[in-house]
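Read-outs: derived from the displayed coordinates by stated rules, not from any lab. Model, not experiment: these values are computed from the prediction. Here Cβ is always computed from backbone atoms with ideal geometry, including for glycine, and neighbour counts include all displayed protein chains.
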There are 2 protein chains.
Amino acid sequence: MFRGANKVTLDSKGRLAMPTRYRERIFERSNGRLIATVDRSDPCLLIYPLPEWEEIELKLRRLPTLNPVARRLQRLMIGHATDLELDGSGRILLPSSLREFAKLSKTAMLIGQGNRFELWDEAQWNESREQWLQAEEPAEELPPELASLSL
Amino acid sequence: MFRGANKVTLDSKGRLAMPTRYRERIFERSNGRLIATVDRSDPCLLIYPLPEWEEIELKLRRLPTLNPVARRLQRLMIGHATDLELDGSGRILLPSSLREFAKLSKTAMLIGQGNRFELWDEAQWNESREQWLQAEEPAEELPPELASLSL
DNA sequence: CACAAGGTGGGAAAAAGTGGGAAAGAATGG
DNA sequence: CCATTCTTTCCCACTTTTTCCCACCTTGTG
């Protein structure tokens, strides 16, 4: 499973070196094949090993087509899903459309989130993180799964 | 279980010598493998033996992805979770991003908290401790789990 | 006072990240 | 349909970072 925050750089061709510690796992899991798509609520990209993505896509496609919220989710996520492959140096090439979506400049943050990564522009990530840290969660607003969580 | 407060120092490379009395237990429990992540309400780091962390990560990952509060918690905790390993001298190397988060300078406090440690910058720790000691808790404001607590 | 154990620092070897260039492939226009 | 040009992909080499190991110093103990 993927976890942790990694500072990564995009070179002039839009290539991103996957941190070495993840490479072996990605090759085991999907022979180096990944899918990148957009996040529905934040300016970041989601990156899944291919088999993980296929499960997600199946779940999305089972949603009721006549429900506008479901339809929107399908269009955003399936519609932007792009095949990527690790090259000989362990890098992936991000198409410019996805780079623009996430406002990616030279330095970015690759965030492990279990079965996927999130890719943020570094500045966007820092800004959002500050907000999350400052937000106080009044216990009354928490859904029951969260309110009783013991870490 | 881990308990007690230990003064520790970080060297110029960000390495921290784990107090000897914990080393054996850490090796038994996880072969020297630890996870460090950020605390969501205070400027300190949380350090878990790997198996302890895996339980927590599982709980976090089961939370609904579309819930913004859950998402925030996942991004902070799983997103900053970093694998650490005790080196030949019983030290761990804290990446600079985590050191910055907890405002760690040369001297820090490693606080045993049962299944995990908390790591504070020494000055931050002393300051917070003063505040906790001064704060009066009127019994009426306590949630039921606390109001009935017998220590 | 001497010895042992833990803590600290630094340096060298290895690995990872970065950039550039050449070759192969695709697209466009004549 | 062929030729030229632009884009994409693959590979190699250099630089920087990380990791591992060894030696010294300090502290506690017999």
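I need the full set of residues from the range B:1-12 which are surrounded by fewer than 12 Cβ atoms within 10 Å (Cβ to Cβ) and among the hydroxyl-bearing types (Ser, Thr, Tyr), in order please. Answer for the range B:1-12, where residues must be surrounded by fewer than 12 Cβ atoms within 10 Å (Cβ to Cβ) and among the hydroxyl-bearing types (Ser, Thr, Tyr): just B:Ser12.
For residues that are within 10 Å of chain B (Cβ to nearest Cβ) and in contact with an Asp or Glu (Cβ under 7 Å, 6 or more places away or on another chain), scanning just the range A:103-113, find the one that is farthest from A:Pro49 (Cα to Cα). Step by step, filter the range A:103-113, then rank; the result is A:Met109. Residues considered: A:Arg33, A:Arg72. Of these, the only one that is within 17 Å of the chain's Cα centre (by Cα) and not hydrophobic (A, V, I, L, M, F, W, C) is A:Arg33. Criterion applied to B:Arg129, B:Arg62 was being within 9 Å of chain A (Cβ to nearest Cβ) and among the basic types (Lys, Arg), and the one residue passing it is B:Arg62. Apart from one condition, B:Gly90 fits all of (1) touching a residue at least 40 places away in the same chain (Cβ under 8 Å); (2) of a type outside the set (Lys, Arg); (3) on the phi < 0 side of the Ramachandran plot; the exception is (3). Note on the range B:74-100: residues that are touching a Phe, Trp or Tyr at 6+ places or on another chain (Cβ under 8 Å) and away from DNA strand C (no atom under 12 Å from the Cβ) amount to 4.
For A:Ser105, the test of being closer than 27 Å to B:Ile35 by Cβ and either free of Cβ contacts under 8 Å to residues at least 40 places away in the same chain or touching a Leu at 6+ places or on another chain (Cβ under 8 Å) (or both) is failed.
Considering the range B:13-48, the residues that are acidic (Asp, Glu) and surrounded by fewer than 16 Cβ atoms within 10 Å (Cβ to Cβ) include one that is farthest from the other protein chains (Cβ to nearest Cβ), namely B:Glu24. Within the set B:Pro51, B:Pro68, the sole residue that is over 14 Å from B:Leu86 (Cβ atoms), surrounded by fewer than 20 Cβ atoms within 10 Å (Cβ to Cβ) and either within 9 Å of chain A (Cβ to nearest Cβ) or in contact with a Leu (Cβ under 8 Å, 6 or more places away or on another chain) (or both) turns out to be B:Pro68. Report whether or not A:Thr9 is within 15 Å of DNA strand D (Cβ to nearest atom), within 13 Å of another protein chain (Cβ to nearest Cβ) and over 14 Å from the mean Cα position of the chain (by Cα). The answer is no for A:Thr9.
Suppose the filter is charged (D, E, K, R), out of contact with any Ser or Thr (no Cβ under 7 Å at 6 or more places or on another chain) and farther than 20 Å from B:Ala81 by Cα; does A:Glu24 pass it? Answer is no for this residue. With respect to the conditions (1) within 8 Å of DNA strand C (Cβ to nearest atom); (2) part of a helix (DSSP H, G or I); (3) not hydroxyl-bearing (Ser, Thr, Tyr), A:Arg29 falls short on a single one, namely (1).
Taken over the range B:1-17, the criterion of being part of a strand (DSSP E or B), within 13 Å of DNA strand C (Cβ to nearest atom) and not β-branched (Val, Ile, Thr) is satisfied by B:Gly4, B:Asn6, B:Lys7, B:Leu10, B:Arg15, B:Leu16, B:Ala17. Among the residues making up the range B:27-46, those that are among the β-branched types (Val, Ile, Thr) and more than 16 Å from DNA strand D (Cβ to nearest atom) are B:Thr37, B:Val38.
Only a single item in (1) within 16 Å of DNA strand D (Cβ to nearest atom); (2) not in a helix (DSSP H, G or I) is not met by A:Arg21, and it is number (2).
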